[in-house]
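Read through the structure below, which is laid out as structure tokens, and then see the notes.
The values are calculated or read from the model by the stated rules, or taken from the named source; none is laboratory data. Remember, it's a predicted structure, so these values are computed and weren't measured experimentally. Backbone-built Cβ (ideal geometry, glycine too); neighbour counts: all protein chains shown.
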Amino acid sequence: MKISTKILLGFGVLIVLVWIIGIFSIASFSRSSALFNQMDSETIPALTTVGEMGQKVAEAHVDFMEFLLSGKVSARDKVVGIMRTLETLAQGHLNRIAAEKTEEKTTADDLLKKIRFFSSSAVDVMDMKARGISDEELLSAEEKTVRPIFDSIMSIIAKQNDIYKSEMTVMREDVKASQDRGLLIIVIIAIVAMITGLVLAFIYGKRISLPIVNLTRAADDISKGEISKPVVKETTDEIGELAEAFERMRVSLKVMIEEESE
């Protein structure tokens with residue numbers, strides 16, 4: 001095997017190992033990227049929307065109670081505006097849920113229906129206030145219609161909030177595990193590549209340098225007139241061809257010296 005072939009073979013092995021590192025790096029990055037994309041496109045928006053809905057429901061109920069106590073038209077208008085925003089958020093949340101997530105879609109649909117019922121119940125009670133119904137009857141109506149649906153909505157939102165937070169935690173752990181796993185594999189392959197490179201450098205270095213050292217000694221011997229010892233061909237590469245040339249030169253010199261001696 002020629003020296004150039006040996007060198008190319010050594011570099012080829014290292015290149016393959018580098019490519020393996022690259023492939024595992026890309027695979028690890030792709031896994032992490034997919035999880036991040038899922039968080040960005042599904043879990044984070046869902047968690048944000050659910051949190052915003054919880055805040056709006058609480059605000060609507062506070063303003064609703066303020067209207068019952070004060071009768072301010074501004075409070076009523078604020079409740080109506082919040083209810084519209086709530087329905088928009090709930091509808092958007094329902095539309096965002098993937099088709100395969102049947103359980104989440106059912107919950108989102110139920111939440112939208114309850115918000116609509118909460119809105120209509122609150123409007124009915126506020127209309128009773130506008131008609132001059134007594135505070136006692138208004139509070140009774142609120143406890144029978146508005147309060148139960150409010151509690152139910154807040155319960156659903158709290159559960160959904162916990163679910164999405166749990167999903168976020170699991171995804172973060174998956175991302176970290178994927179990154180750690182990818183990093184470990186890369187480090188292992190890098191160490192293997194380094195060791196392989198050192199071993200190949202040592203082996204091929206020895207195979208190249210040792211014949212050169214022996215050939216140098218043989219050349220020194222010939223220069224000193226010691227031409228009886230044959231120059232051994234140790235390899236089949238260019239160094240081996242050089243050894244053959246030295247051996248031919250040694251033989252020629254020996255013949256010339258013997259002829260002159262005669």
Out of all the residues in the stretch 239-253, which are at pLDDT 80 or above and crowded, with 16+ Cβ neighbours inside 10 Å? none
Starting from residues that are surrounded by 12 or more Cβ atoms within 10 Å (Cβ to Cβ) and of a type in the set (D, E), keep the ones in the stretch 136-186 and report whichever is nearest to V62 (Cα to Cα). E142
Picking from F64, F24, F29, the residue that is among the aromatic types (F, W, Y), surrounded by 13 or more Cβ atoms within 10 Å (Cβ to Cβ) and at pLDDT 70 or above would be F64
Taking the options I149, I153, I157, I163, name whichever one is of a type in the set (V, I, T), within 21 Å of M126 (Cα to Cα), in the same structural domain as F67 (by TED's automatic domain parsing) and out of contact with any Ser or Thr (no Cβ under 8 Å at 6 or more places or on another chain). I153
Output the residues belonging to the stretch 165-193 that are of a type outside the set (G, A, S) and over 26 Å from T49 (Cα atoms). Q179, D180, R181, L183, L184, I185, I186, V187, I188, I189, I191, V192
Look at the stretch 70-83 and say how many of its residues are in contact (Cβ under 8 Å) with a residue 12 or more places away in the chain, part of a helix (DSSP H, G or I) and surrounded by fewer than 21 Cβ atoms within 10 Å (Cβ to Cβ). 3
Can you pull out the residues in the stretch 102-145 that are of a type in the set (V, I, T) and closer than 16 Å to E87 by Cβ? I115, V123
Verdict on M53 being under 30 Å from D127 (Cα atoms), at pLDDT 75 or above, touching a Ser or Thr at 6+ places or on another chain (Cβ under 7 Å) and surrounded by 13 or more Cβ atoms within 10 Å (Cβ to Cβ): no
Under the condition of being more than 60 Å from the chain's Cα centre (by Cα) and of a type in the set (V, I, T), which residue from the stretch 218-257 is farthest from R207 (Cα to Cα)? I257
In the stretch 95-132, what residues are farther than 22 Å from M154 by Cβ and either surrounded by 15 or more Cβ atoms within 10 Å (Cβ to Cβ) or not assigned by TED's automatic domain parsing to the domain that holds E167 (or both)? M128, K129
